[in-house]
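So the structure is just underneath, and the comments pick up after that.
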Amino acid sequence: MNITVYCGAAEGRDPEFITSARELGAWMAKNGHRLIYGAGNSGMMGAVSDALIEGGGEAIGVTPQFFVLAEETRDDLSEVVIADDMSDRRNWMIDHGDAFIALPGGMGTLDEITEVMTYKRLGLLGEYNKPVMVYNVNGYYDKFFEFLRYMREHDFCRQLDLDNVIEVTCIEDIESALQKAREIDHSRTTKYD
């Protein structure tokens, strides 16, 4: 499975952020999941890709040309996709992802995961149930979920929109979300066979 991971190029202040990123990368490698991410070698991006590569996993980095020129791209990835610009990068990562996870990050991470949330809401992620997860490490995304509920209170989104965003706090939650998505897909295909 291709798992698109959005996260910061910085480490953040809480050491648990890096620990969780490394745990995710190691788990993905162990379970044969391919990482699709922003190709960075520092911060959260570096942590998740380091652990995945150390575990023998495959990582596809997607980066715009200007990041390559700035030497902010790993040189030991399974594949590097050079995008024309940030929009092209985001679209490639969405088109090739089977599931999406946002680890702690900044404005870019927020931009990327909310775009996926919008695609999910509009039914633009394809025919399969592609889970959209926000990895709430040590409460980092508490205010984000609070704001989503606030949007719901003011009728700017539906409850289904909130239900489409899965809050995860550990690897077991991620496994559960992926399993639930597989079960939904299986029930859809067998229903019409």
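State the number of lysine pairs found in the chain whose Cα atoms come within less than 18 Å, restricting to pairs 8 or more positions apart or on distinct chains. Please report the intermediate quantities before stating the final value.
Numbers: 120/130; 120/180; 130/180; 180/191.
Taking the Cα cut-off of 18 Å, the pair count is 4.
In the range 25-80, which GluC sites (Glu not before Pro) are in a loop and have at most 11 other Cβ atoms within 10 Å, using DSSP for the loop call? Please list the in-between numbers first.
On the way: sites: 54, 58, 71, 72, 79; in loops: 58, 71, 72.
Those that pass, being in a loop and sparsely packed, are 71.
Of the trypsin sites (Lys or Arg not before Pro) in the range 108-159, which ones lie in a loop per DSSP and count no more than 15 other C-beta atoms within 10 Å?
Values: sites: 120, 121, 143, 149, 152, 158; in loops: 158.
Answer by residue number: 158.
For a test of the definition: using alpha carbon positions, the gyration tensor, and the 1.5 limit on a/c, classify the range 1-89 as rounded, prolate or oblate. Intermediate values should be presented prior to the final figure.
Working: a/c = 1.95, a/b = 1.28, b/c = 1.51.
Taking the square roots of the gyration eigenvalues as a ≥ b ≥ c, the range 1-89 is oblate.
Can you find, among 100, 150, 83, the residue farthest towards the positive end of the dipole of the chain? Put +1 on the C-beta of Lys and Arg, -1 on that of Asp and Glu.
150
Within the range 99-134, report the GluC sites (Glu not before Pro) that DSSP leaves as loop and that have at most 10 other Cβ atoms within 10 Å.
On the way: sites: 112, 115, 127; in loops: 127.
Here the sparse-neighbourhood loop sites are 127.
For the range 9-63, what relative contact order do you get, as a whole percent, if you take Cα pairs closer than 8 Å and at least 6 residues apart? List each step's numbers first, then the result.
Values: 103 pairs, mean separation 23.5, N = 55.
Relative contact order comes out at 43 percent.
Hey, fewest Cβ within 10 Å first, where do 86, 28 land in order? Intermediate values should be presented prior to the final figure.
Values: 86 16, 28 26.
So the ranking, lowest neighbour count to highest, is 86, 28.
Just the ratio, please: alpha-carbon radius of gyration of the chain over 2.2 N^0.38 Å, N its number of residues. Don't skip to the answer; put the middle values down first.
On the way: Rg = 16.2 Å, N = 193, 2.2 N^0.38 = 16.3 Å.
Rg over 2.2 N^0.38 Å, computed on Cα atoms: 1.00.
Where in the chain lies the longest segment free of chymotrypsin sites (Phe, Trp or Tyr not before Pro) that are both loop residues by DSSP (not H, G, I, E, B) and have at most 16 other Cβ atoms within 10 Å? Mind dumping the intermediate values first?
Numbers: sites that count: 128, 156, 192.
The segment 1-127 is the longest one with no such site.
None of the figures in this text is laboratory data; all of them are computed from the coordinates on show. Everything numeric here is computed off the predicted structure, so don't read it as measured data. For neighbour counting, all protein chains shown are included, and Cβ atoms are generated from backbone atoms with ideal geometry for every residue, glycine included.
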